[in-house]
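Below you'll find the structure, written out as structure tokens, and then a few comments.
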Number of protein chains: 2
Amino acid sequence: MADETLFEFLHMEMVAHVYKSQKQDEQEPTKCLAVLEGMGFRVGQGLIERLTKDTPTFKDELDILKFICKDLWTNIFKKQIDNLRTNHQGTYVLQDNRFHLLTQLSSSKQYLEEAPKFLAYTCGLVKGALSNLGINSTVTAEVPIMPACKFQVMILRT
Amino acid sequence: MADETLFEFLHMEMVAHVYKSQKQDEQEPTKCLAVLEGMGFRVGQGLIERLTKDTPTFKDELDILKFICKDLWTNIFKKQIDNLRTNHQGTYVLQDNRFHLLTQLSSSKQYLEEAPKFLAYTCGLVKGALSNLGINSTVTAEVPIMPACKFQVMILRT
């Protein structure tokens with residue numbers, strides 16, 4: 001059995017719980033996505049701290065993004081990001097052709113609408129990891145075709 | 001970096017979220033423990049189903065408990081239960097001398113009082129796993145000395 005199963009199950013439970021507890025308060029879905037993103041953010045910060053403990057300094061921004069695609073992704077999802085693209089102006093697109101947290105979902109249109117629930121936590125994770133490496137960003141995700149997922153990272157310059 | 005870190009971080013976030021979302025509703029702490037136990041229960045059911053897929057039938061109850069101590073524990077915590085005891089009348093005590101979900105906590109008395117928060121999910125996990133193998137039980141936990149943990153399983157005969 002693959003190790004990621006525990007994470008997948010726990011993630012599913014967490015998503016269900018966040019939506020259930022919010023429902024009681026009759027608050028809107030964007031609040032739930034923000035809660036999940038916040039949880040991911042803090043986990044991303046913690047994980048990257050451990051992961052980069054013995055890593056020499058990064059050369060540049062692209063070097064950091066490559067580390068996210070390779071080391072962080074492998075640590076969480078047991079595979080690397082399949083494709084990394086950039087416009088060299090602070091936008092990066094990370095494509096995972098088989099995103100683990102979507103593989104349990106049906107690919108029917110009804111479920112596709114549910115996809116954001118299962119992406120918010122990971123968006124937060126990437127954002128938290130980058131933040132701990134000194135990069136402020138916004139991270140969004142879209143599903144071009146199930147179970148692929150594109151994460152778009154936009155660097156916020158201060 | 002050890003793989004269990006992702007699980008540990010996620011678990012911490014989950015505990016914090018459950019307590020935070022309950023606080024808003026001004027409900028009592030036992031409700032939070034029940035929520036965490038319920039999440040663990042469903043994850044335990046799912047995990048044991050995957051883990052026992054290729055396992056031949058179990059000889060008896062003790063055989064099942066040994067599987068929990070060895071295979072399930074290793075899958076989740078990367079180590080086995082250190083000690084399994086039974087009174088041969090349906091009570092089993094599983095002792096983990098270094099329980100991962102407690103190792104991040106300080107061992108001061110103040111934190112010891114917080115320990116149940118970090119055990120409820122795992123109690124549910126064990127209960128869910130046993131339930132899926134046809135055994136109804138109650139599972140409680142206590143901390144003899146940090147970071148050791150004793151899980152007491154009482155089989156409910158019908």
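The values are calculated or read from the model by the stated rules, or taken from the named source; none is laboratory data. Because the structure is a prediction, the values reported are computed rather than measured. Note that we place each Cβ from the backbone using ideal geometry, even for glycine, and neighbour counts take in every protein chain shown. For the accessible areas, the whole protein counts, side chains as well, though only heavy atoms, and no ligand, DNA or RNA atoms are used. Shrake-Rupley method; radii C 1.70, N 1.55, O 1.52, S 1.80 Å.
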Exercise. Within the stretch B:5-15, can one find any residue that is assigned to a loop (DSSP other than H, G, I, E, B), among the acidic types (Asp, Glu) and either within 12 Å of chain A (Cβ to nearest Cβ) or buried (at least 20 other Cβ atoms within 10 Å of the Cβ) (or both)?
Worked result: no
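Out of the residues in the stretch B:26-38 that are more than 13 Å from every other protein chain (Cβ to nearest Cβ) and part of a helix (DSSP H, G or I), which is nearest to residue B:140 (Cα to Cα)?
Checking each candidate, the answer is B:33.
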Exercise. So which of B:115, B:141, B:120 is among the small types (Gly, Ala, Ser) and out of contact with any Asp or Glu (no Cβ under 9 Å at 6 or more places or on another chain)?
Worked result: B:141
Exercise. Just one of the numbered conditions (1) in contact (Cβ under 8 Å) with a residue 60 or more places away in the chain; (2) surrounded by 14 or more Cβ atoms within 10 Å (Cβ to Cβ); (3) over 12 Å from residue A:40 (Cα atoms) is not true of residue A:91; which one?
Worked result: (2)
Seminar exercise, completed: Filtering the stretch B:42-56 down to residues that are within 13 Å of residue B:75 (Cβ to Cβ) and of a type in the set (Asp, Glu) yields B:49
Problem set entry | Residues within the stretch A:125-141 that are more than 13 Å from residue A:72 (Cβ to Cβ) and within 11 Å of the chain's Cα centre (by Cα), tallied | 2
For this session: Could you please give the count of residues in the stretch B:99-158 that are of a type in the set (Gly, Ala, Ser), open to solvent by less than 30 Å² (accessible area, probe 1.4 Å) and touching a residue at least 60 places away in the same chain (Cβ under 8 Å)?
Result: 4
For this session: Scan (1) open to solvent by 50 Å² or more (accessible area, probe 1.4 Å); (2) over 25 Å from residue A:9 (Cβ atoms); (3) among the polar types (S, T, N, Q); (4) without any contact (Cβ under 8 Å) to a residue 60 or more places away in the chain for the single condition residue A:80 breaks and write down its number.
Result: (2)
For this session: With respect to residue A:86, determine if the residue is without any contact (Cβ under 8 Å) to a residue 12 or more places away in the chain and hydroxyl-bearing (Ser, Thr, Tyr).
Result: no
Exercise. Is there a residue in the stretch A:23-42 that is surrounded by 13 or more Cβ atoms within 10 Å (Cβ to Cβ), touching an Asp or Glu at 6+ places or on another chain (Cβ under 8 Å) and not hydrophobic (A, V, I, L, M, F, W, C)?
Worked result: yes
For this session: Could you pull out the residue among B:41, B:67 that is modelled with pLDDT of 90 or more and away from chain A (no Cβ under 11 Å)?
Result: B:67
For this session: Count, please, the residues in the stretch B:50-64 that happen to be within 14 Å of chain A (Cβ to nearest Cβ) and surrounded by 13 or more Cβ atoms within 10 Å (Cβ to Cβ).
Result: 3
